[in-house]
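Since the structure comes first, as structure tokens, the remarks are kept for the end.
The values are calculated or read from the model by the stated rules, or taken from the named source; none is laboratory data. Keep in mind that what you see is a predicted model, and the values were worked out from it rather than measured. Glycine also receives a Cβ, built like all others from the backbone with ideal geometry; neighbour counts cover every protein chain displayed. Just so you know, the surface numbers come from the protein's heavy atoms only, side chains and all, with ligands and any DNA or RNA stripped out. Shrake-Rupley method; radii C 1.70, N 1.55, O 1.52, S 1.80 Å.
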Amino acid sequence: MPADLTGTYVTLDDGRPAVRFSRLYGHPVDRVWHFVTDPDELAEWFPSRAEIDLRPGGAVKFTGDPNMPESHGTVLAVDPPRHLAFDWGGDEIRFDLAADGEGRTRFTLTHVPSEENTAARDSAGWEVCLAALDAKARGDRFEGPHAGVNAPWKEYYQGYLDAGVPSGAPIPGIDA
């Protein structure tokens with residue numbers, strides 16, 4: 001059975017390729033902001049634990065990803081509790097939050113890859129990560145982004161390949 005893809009491959013106004021995901025959560029903006037900025041909350045769904053100095057130019061420290069060594073990034077833009085953008089290994093990650101009715105938040109994640117051929121691989125990974133965030137927002141337990149061989153990333157990856165999203169980059173933990 002094919003995976004139900006939620007990411008959209010887009011070209012930004014400045015011509016860069018990106019993948020965009022959007023979710024609606026039954027929480028106010030301040031609570032969702034906590035999901036995406038608190039290191040302990042992030043560790044439950046984001047690929048790495050991220051300690052973020054929430055100011056433009058602030059440092060971001062990424063740890064805990066079994067497929068990547070500790071790394072560092074920089075906050076590119078921040079407007080609490082609505083917008084956060086940071087550099088992660090040369091890629092740009094953006095979180096945008098907007099109130100959507102009483103006590104609900106529209107969350108949009110935009111991943112701007114430094115190399116286009118990572119789009120299918122990274123989109124499949126975001127599907128698994130965002131499923132963990134979706135479960136967290138509902139108060140359910142979920143084996144997060146490092147669920148290992150049980151994570152459905154292969155089905156998502158194949159779905160993005162079938163959709164023509166650029167691919168070819170090595171897959172951490174699989175390709176040597």
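Of the residues making up the stretch 158-176, those that are under 18 Å from the mean Cα position of the chain (by Cα) and modelled with pLDDT of 90 or more are Gly159, Tyr160, Val165, Pro166, Ser167, Ala169. Among the residues of the stretch 119-144, those identified as in a loop (DSSP other than H, G, I, E, B) and of a type in the set (Gly, Ala, Ser) are Gly139, Gly144.
Here is the figure for the stretch 3-29: residues that are within 25 Å of Trp153 (Cβ to Cβ) and in contact with a Ser or Thr (Cβ under 7 Å, 6 or more places away or on another chain) total 8. The number of residues in the stretch 18-31 that are outside any helix (DSSP H, G or I) and either open to solvent by 50 Å² or more (accessible area, probe 1.4 Å) or closer than 26 Å to Ser114 by Cβ (or both) comes to 9. Do the conditions hold for Arg49, that is, is it under 15 Å from the mean Cα position of the chain (by Cα) and closer than 26 Å to Glu115 by Cβ? Judged against the criteria, Arg49 is a match. Please determine whether any residue of the stretch 137-157 is of a type outside the set (Asp, Glu), at pLDDT below 95 and touching a strand residue (DSSP E or B) at 6+ places or on another chain (Cβ under 6 Å). So far as the stretch 137-157 goes, yes, one or more of its residues are of a type outside the set (Asp, Glu), at pLDDT below 95 and touching a strand residue (DSSP E or B) at 6+ places or on another chain (Cβ under 6 Å).
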